[in-house]
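The values are calculated or read from the model by the stated rules, or taken from the named source; none is laboratory data. As the structure is a computational prediction, the values presented were derived from the model and not from experiment. Because the Cβ atoms are built from the backbone with ideal geometry, glycine has one as well, and the counts that use them run over all protein chains shown.
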Amino acid sequence: MDRYQIVGLLLMLVFVTAGCAASATADEHAGMAGMTGHSGMEMSDHSDMMAAHAIPEEAAAVANPVAVSDGSIAAGQATYAQNCAACHGAEGKGDGAAAAGLNPKPADFHAAHVQGLSDGAIFYIITHGREGTAMVAWEEVLSEGQRWEVVNFLRTFAP
Ligand code: HEC
C-alpha cells in the first residue's frame, strides 16, 4: 500500500465514522436511557420518581432488618449529620450548605414522594446513589447497618 492509498483509506474511515456517529446519536440516546434506567427520565419527569429511577422491585421489597428504636435513630442521625446533612440539610429539607450549586437539588425528606418510598427503596438509593446527580453511592462508605439506621432516621422527617 503506498502513501496515497493510506491517506485515502484514512479519509474514508473518517467519513464513515462521522456518518455513523451522526445517525447513531438518536438511537444511542434512547438506548442509554433504557440501560441506565433513569438518566433519560431525569430530563423529562420527576413526578414519577419510583418508576423513573428504576429501583428494582426486589430491592424495594427488602424489609428493614434494623428495628426502629431510639438507639438506631440516634445512630442514623449521627451518620446523617456527618455524611448527608451538607447537602440534604440538618433538618432534611434539602437545603444544606452544599446544596446551592446543585442541579438537581438534594431531596427534601419531608416530601411525600420520598416518605412514600419503602425502606428498601430508600436503602437502595443510598447504597447505589443516583447516576447523573450529586447523590453518590454510599455502599463503600457506610456499612449496611449504618444505611438502614439512616433510613430509620429519615423516617423522623415524615410529616
Ligand atoms: C453531595 C450532595 C449529597 C450528599 C452528601 C448526599 N446526597 Fe442524597 N441526594 C443528593 C441529590 C442532589 C439528590 C437528588 C437526586 C435526584 O433528584 O434525582 C439526592 C437524593 C437522595 C435520595 C432520594 C430521594 C428521592 O427524591 O427519591 C435519598 C434517599 C438520599 N439522597 C439520601 C441521602 C443520604 C442518606 C445521604 C447520606 C448518607 C445523602 N443522601 C448524601 C445529594 C446528596
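Against the condition within 17 Å of THR156 (Cα to Cα), more than 7 Å from the ligand (Cβ to nearest atom) and touching a His at 6+ places or on another chain (Cβ under 6 Å), how does GLY94 come out, does it pass? First the steps, then the outcome.
On the way: within 17 Å of THR156 (Cα to Cα): yes; more than 7 Å from the ligand (Cβ to nearest atom): yes; touching a His at 6+ places or on another chain (Cβ under 6 Å): yes.
Here the answer is yes, as GLY94 does meet what is asked.
Okay, residues lined up against (1) more than 23 Å from ALA67 (Cα to Cα); (2) in contact (Cβ under 8 Å) with a residue 60 or more places away in the chain:
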| site | (1), (2) |
| --- | --- |
| GLY89 | yes, no |
| ALA99 | yes, no |
| ASP108 | yes, no |
| LEU117 | no, yes |
| TYR124 | no, yes |
| MET135 | yes, no |
| VAL141 | no, no |
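Which fully enclosed helices (runs of 4 or more DSSP H) of the stretch 50-159 have 3 or more residues being not aliphatic (A, V, I, L, M)? It would help to see each step written out before you state the result.
Numbers: elements: 57-61, 70-83, 85-88, 112-115, 119-128, 144-154.
The qualifying helices (runs of 4 or more DSSP H) are 70-83, 119-128, 144-154.
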Task: Single residue of ALA111, ALA99, ALA67, ALA52 found to be loosely packed, with under 15 Cβ neighbours inside 10 Å and either among the hydrophobic types (A, V, I, L, M, F, W, C) or at pLDDT 95 or above (or both) - done: ALA67
Task: Hits in the stretch 77-96 - residues which are buried (at least 17 other Cβ atoms within 10 Å of the Cβ) and more than 20 Å from the chain's Cα centre (by Cα) - done: GLN77
Open item on the list: Among the residues that make up the stretch 110-121, is at least one of them more than 10 Å from the ligand (Cβ to nearest atom), on the phi < 0 side of the Ramachandran plot, touching a helix residue (DSSP H, G or I) at 6+ places or on another chain (Cβ under 8 Å) and of a type in the set (D, E, K, R)?
Closed with: yes
Open item on the list: Which condition from (1) surrounded by fewer than 19 Cβ atoms within 10 Å (Cβ to Cβ); (2) more than 7 Å from the ligand (Cβ to nearest atom) is the one that TYR124 breaks?
Closed with: (1)
- [ ] With respect to HIS113, determine if the residue is in contact (Cβ under 8 Å) with a residue 60 or more places away in the chain, over 23 Å from ASP70 (Cα atoms), in the same structural domain as ILE73 (by TED's automatic domain parsing) and out of contact with any Gly (no Cβ under 9 Å at 6 or more places or on another chain).
- [x] yes
TODO: Return yes when SER72 is hydroxyl-bearing (Ser, Thr, Tyr), touching a helix residue (DSSP H, G or I) at 6+ places or on another chain (Cβ under 8 Å) and at pLDDT below 95 and no when it is not.
DONE: no
Task: Close pairs from the stretch 59-76: first within 23 Å of ALA90 (Cα to Cα), partner assigned to a loop (DSSP other than H, G, I, E, B) and modelled with pLDDT of 95 or more, Cβ under 6 Å, at least 6 apart - done: SER72/VAL66
